[in-house]
Each structure stands twice: as C-alpha cells, then as structure tokens.
Amino acid sequence: MKNRKITLSEQEIPEKWYNIIADMPNKPLPPLHPETKEPIGPEALAPLFPMELIKQEVTTDKWVEIPDEVRNIYSIWRPTPLYRAYGLEKALDTPAKIYYKYEGVSPAGSHKPNTSVPQAYYNKQEGIKRITTETGAGQWGSALAFACNHFDIECEVYMVKLSYQHKPYRKVMMNTWGANVFPSPSEATEAGRKILAKDPNTTGSLGIAISEAVERAATNEDTKYALGSVLNHVKLHQTIIGQEAVAQMEKVGDMPDIVIAPFGGGSNFAGLAFPFLRLNFDEGKNIRCIASEPTSCPKLTRGVFRYDYGDTVGMTPLLPMYTLGHNFVPAPIHAGGLRYHGAGVIVSQLLKDKLIEASAHDNIEVFEAGVTFARSEGIIPAPEATHGIATAIAEAQKCKEEGISKTILFNLCGHGNFDMKAYEDYFAGNIVKHELTSEEINRSIAELDTPEIK
Ligand SMILES: *Cc1c(COP(=O)(O)O)cnc(C)c1O
C-alpha cells in the first residue's frame, strides 16, 4: 500500500508560532490614524483587543510561545493530516507530485479555529466576559463560537442578513456552541438601528456587520472584538499549519518547489507559506509561494499598494496594503471568504518585495477544479479552497507540458459540506464567468483619498 496520509503525533504539535516580521528585509509600514493620518501606536487598539494580542500584533520576536492550554485544545484536531494526492495526480496525468494539507478536520471545518482558540484564551486571561464579531459566510463566526464555548465566554456574532437567511445551518452550528447570532443590521446596536430605520429590508453587508460588532466592544467594558483574518496576530497563529507541513514533508524526504493557498485576507496563505519562506530566509531555499484569488476580487494581481481602510465606512486605522479601494464591491461569488477589498499588511509587503507571487482564477475554473478534486480525492472542498486547487492544477499541467516533475503543496483550508448550494448552482449552470473591467477597478481606486506609498 502506498503511503497516502502523512501524520504526526500530538506531541509533535509545534510549541511556538513563527513571526515572519523578524525575517522580513523590509518591515511593514506603520498603521495611520483614520482622521489625522499620523502613525498610531499599539495603544490605539486597546479598547478592542486584549493586551497580549496587541503585543503579538507588533512584536518583532521571531518565535512566540504557544500556551499549553491552547496546544491542549489544538490536540482535538491537530496535527492535521498532509495527503499525497495520488488520485488527483492520476486524473491530471501529470509528472508532478502533489500534496495537500487538510485543515477541514477542525470542529468548525476550516483553518479558522487555529486563531479563534488563542484569541479566546487571551481574552479569558484578561477577564473578558464577551467577544463580538462579524461573519459573512459563517466560517469565522462558527470558529469563534467553538472557541468561546471552551473558555466559557459569551459570543455575539453579527451575521450578514443575506447569509443568515441563506445559510441557516452555519447559524445553528454557532447556536449549538452557545453563541448568540444576530442578522445584521440588527436592533441591538445604534449602527444597526440607524440603517434599519432608513432601509428596513436591507440584506446587510460585511462593512455594516463590522460596525455593529465594533460598537458593542467599544461601548462595553467587559467586551472585546475579534477578527478572523488580515491582522498580524491572526497570521502568526496560523503558522502552526506550515510548521506541521514542513515536518510532514521532511518525514517523507520531500520538499515542495511550489506552495499554494487561497487568499481572502491572507491568514491561511500566511499559515501554510510563512514557515516555508523561513526556509528560504534561513537556509537559502528557493520555494515559490503563490496566493490564489478570484478574478472578481483581484487585489493582489490588479490592485494598488496604498494606504486604505480595513472597512467600508472608514472607521479602522489606515493600513498599507494591496487594495481595490474600500468602496469596491465584489460580485456575489460563492467563495464569500475571498470577497474582501484588501490584503493583510505583511503579505502585501512580501508581494511588493517579490518574495511571494499571486494568481487569479475565474468562477467557472475554480468549480471545475473543485469537482475534479472531489471526484479524484473524495473530499468536497469549500468554495474558497477551490481557488488553491485551481492554481495547483495549473502548475501540474505546466509540468506535464514541459515534461518535468515538480513537487507542489497546497492548502485545503476547509471542506464544503455546508456549501451544497454553491455546487448545486454550478451543476445547474448558474455560475457565471464575471469579467471585471479596468474601468471598474480604476473607479474605486480613484475614490481613495488616502496617502500614496513612495
Ligand atoms: C475565511 C476563509 C478563507 C479566507 O480567509 P484567509 O484569511 O485569506 O484565509 C478561505 N477559506 C476558508 C475555508 C475560510 O473560512
């Protein structure tokens, strides 16, 4: 029998997270105050996040200790398996060797609990009673609900009303772990009430849901806010994925030439890729890392490197990032987790410095890739995850054309078991290829009134 699944023991769960900032040749530029546009320090984040996470947001230490209690909860599903994709290799008839790291084995079904658990832990340490957040498709909300339940913290989730109505099972999942889920906009906040008064039938947006969650945290002493992507501490926590993958590849005496992951705000990409980039920095290896995004939200491949707001309203600090402009509204593709206008700060700087690459795939291509994968490997991927598969397939096909073998590793960051509507739409021929014109992109970028980066 071939060795398909490469596993590690619980004792091999990494003891530290890897902070790539320590190794970056150009450090990320500072965030700016949204109004004064002057650099701000970490203390500006204190109303929203516990101190320990703020420290992790700005630390330049190369390694950060993972608390025992967090490792203990990680052991429910970690180390996650790394698979050799024999079935996919055969289906593609490629000389390439393909591997994937599978994060869908977590209780919430994606990589997101890797950060929700430590975030809930540090909040608990600082006596916080309630954590608020927003969720679009429901992946982040369910990961945070799972983590808060573990630490007996109240969890309040503002779920974009459209998803609340269309994805009832993600909501029930959050309820099962004890979270309160509100369709956003809600009557629970000033921001929500204002919007409902104007338009009682609105289906909501991620920008509105963020405003509601932030308002609750900012106006209650015992309440903090949590974010599931983009920020440095979120990327830090996710590096557990790549550290395990490095150990698993070493275990089979192989090493990837190419590492690939889907890209929304950058956390699962960072999680898998940063520990391999460390090998480039420390050992002079030359591993290519590619972020995969949808052509309908192409901030990495067609955006600009600029200071921009994290939200639509313009309340967050200005961050230096690849962006399509905070007013950019992506087409309503099923990969809800990738519909964000900007990229995290660290990943943006790495792309600017050409230390990583990016590629984009259209809506039809990713579903073809997802179905090819489901039929050759068995696991049904989340719509977000199909983007990484599409890049892996494209690279494997290049190997076939050129008659060379390369080793490819990608992140299967979540399963699609709650996303049957997406697959149903695909099989019914209701998925359309959406062409984004340069005019559309230039319009939202032209609306930016934020400082240029020289
Ligand atoms: C949230 C999510 C993403 C996008 O977020 P990143 O921070 O870029 O990882 C991608 N895939 C899945 C399954 C998600 O839940």
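The values are calculated or read from the model by the stated rules, or taken from the named source; none is laboratory data. Note that the structure is a prediction, hence the values are computed from the model and not measured. Backbone-built Cβ (ideal geometry, glycine too); neighbour counts: all protein chains shown. For the accessible areas, the whole protein counts, side chains as well, though only heavy atoms, and no ligand, DNA or RNA atoms are used. Shrake-Rupley method; radii C 1.70, N 1.55, O 1.52, S 1.80 Å.
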*Sequence neighbours fewer than 8 away in the same chain don't count; with that in mind, list the lysines whose C-alpha is under 21 Å from Lys352.*
Lys27, Lys235, Lys285, Lys299, Lys454
_Separation between Cα centres of region 210-277 and region 39-71, rounded to whole Å_ = 14 Å
*With unit charges on the beta carbon (Lys/Arg positive, Asp/Glu negative), name the residue among Leu412, Leu338, Leu319 whose Cα is farthest towards the positive pole of the charge dipole of region 313-443.*
Leu319
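Can you tell me the dipole magnitude for the chain around its Cα centre, using point charges on the Cβ only (Lys, Arg +1; Asp, Glu -1), in Debye to the nearest 20?
720 debye
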*Taking the mean number of other Cβ atoms within 10 Å as a proxy for protection, how do you rank 113-119, 14-20 from highest to lowest?*
113-119, 14-20
_What number do you get for region 24-105 when its Cα radius of gyration is normalised by 2.2 N^0.38 Å, N = residues?_
1.76
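Determine the dipole magnitude for region 91-152: charges of +1 sit on the beta-carbon of Lys and Arg, -1 on that of Asp and Glu, nothing else is charged, the reference point is the Cα centre, and the result goes in debye to the nearest 20.
100 debye
How much accessible area per residue does the chain have, in Å², with a 1.4 Å probe?
Values: 18050 Å² over 454 residues.
For the chain, the solvent-accessible area averages 40 Å² per residue.
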*Rounded, prolate or oblate: pick one for region 298-364, where a ≥ b ≥ c are the square roots of the eigenvalues of its C-alpha gyration tensor, a/c under 1.5 means rounded, and failing that, prolate if a/b is larger than b/c, else oblate.*
oblate
_Spatially proximal aspartates and glutamates relative to Lys5 (Cα-Cα < 13 Å; intrachain offsets below 8 disregarded)_ = Glu377
*So which cysteines in the chain don't have a second cysteine's C-beta under 4.7 Å from them?*
Cys289, Cys297, Cys399, Cys413
*May I ask which residue of Ala390, Thr94, Ala137 lies farthest towards the positive end of the charge dipole of the chain, with charges of +1 (Lys, Arg) and -1 (Asp, Glu) on Cβ and the Cα centre as origin?*
Thr94
_As a test of the definition: which semi-axes, in Å, follow for the chain when you take the square root of five times each eigenvalue of its alpha carbon gyration tensor? Largest first, please._
31, 25, 23
*With runs of 4+ DSSP H residues as the only contributors, calculate the mean residue ellipticity of the chain at 222 nm using -39,500 (n - 2.57) per run, divided by the residue total and rounded to the nearest 500.*
-12000 deg cm²/dmol
_For Asp308, residues with placed amide H under 5 Å, excluding near neighbours_ = Leu319, Met321
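Take a quick pass over region 364-450 and tell me how many lysine pairs come in under 30 angstrom between Cα atoms, counting only ones 8 or more apart or on separate chains.
Here the count comes out as 4.
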*Once amide H atoms are placed 1.01 Å from N in the peptide plane, what residues at a sequence separation of 5 or more from Ser184, or on another chain, have their amide H within under 5 Å of its amide H?*
Met159, Val160, Lys161
*Ignoring ligands, DNA and RNA, what percent of the 1.4 Å accessible area of the chain is carbon and sulfur?*
50 percent
*Among Trp77, Ser184, Asn232 - extreme Cα towards positive end, dipole of the chain, charges at beta-carbon*: Trp77
*At a Cα cut-off below 28 Å, give the lysines reachable from Lys194, other chains included and same-chain residues fewer than 8 away excluded.*
Lys37, Lys129, Lys161, Lys167, Lys171, Lys224
*Which whole-number percent is the relative contact order of region 176-292 (Cα, under 8 Å, 6+ apart)?*
19 percent
